[in-house]
């Protein structure tokens, strides 16, 4: 049994990359070009959808990440005030790179992977030993969409 009853840390929900004014100009020029093309092809609904999407992307891109508290306990994984019991998780993988992360494979079909950033100060081996008491360690990788979004600066 673990001598540690709980592991706590705080991390930002994602790594923030500031966007230049040119980045926003590119998004809006592209969005207006697609919307105009959609209008020319009598597809006004798609044009409106593209503009609403560009607005949403612009809002999200300018938003700063929140500092979130994480906790591993006997009950499960606590993210902010949301408890994810170990019984709903199949396995985990700790991705060690510049930004260390824990990837949990969930039983839920709608959100099969839960990615949690690790604090730079936390001992990865301690986290691994703790999680091995409750879950199996199986290599997982982030989805291509998530990797692509990170490359775009989200």
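Quick check on residue 92: is it in contact with a helix residue (DSSP H, G or I) (Cβ under 8 Å, 6 or more places away or on another chain), modelled with pLDDT of 90 or more and buried (at least 16 other Cβ atoms within 10 Å of the Cβ)? For residue 92, the condition - in contact with a helix residue (DSSP H, G or I) (Cβ under 8 Å, 6 or more places away or on another chain), modelled with pLDDT of 90 or more and buried (at least 16 other Cβ atoms within 10 Å of the Cβ) - is met.
Here's the yes/no breakdown for (1) loosely packed, with under 13 Cβ neighbours inside 10 Å; (2) touching a helix residue (DSSP H, G or I) at 6+ places or on another chain (Cβ under 7 Å); (3) in a helix (DSSP H, G or I):
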residue	(1), (2), (3)
15	no, no, no
19	no, yes, no
24	no, yes, yes
27	no, yes, yes
31	no, yes, yes
35	no, yes, yes
38	no, yes, yes
42	yes, no, no
48	no, no, yes
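In segment 131-145, the residue that is modelled with the highest pLDDT out of those that are loosely packed, with under 14 Cβ neighbours inside 10 Å and assigned to a helix (DSSP H, G or I) is 132.
Within segment 118-130, the set of residues being more than 24 Å from residue 83 (Cβ to Cβ) and in a loop (DSSP other than H, G, I, E, B) comprises just one member, 120. One residue stands out in segment 52-75 among those that are touching a residue at least 24 places away in the same chain (Cβ under 8 Å) and in contact with a helix residue (DSSP H, G or I) (Cβ under 9 Å, 6 or more places away or on another chain): the one that is farthest from residue 128 (Cα to Cα), namely 54.
Just one of the numbered conditions (1) surrounded by 13 or more Cβ atoms within 10 Å (Cβ to Cβ); (2) modelled with pLDDT of 90 or more; (3) assigned to a strand (DSSP E or B) is not true of residue 115: (2).
The values are calculated or read from the model by the stated rules, or taken from the named source; none is laboratory data. Everything numeric here is computed off the predicted structure, so don't read it as measured data. We place every Cβ from the backbone using ideal geometry, glycine too, and count neighbours over all the protein chains shown.
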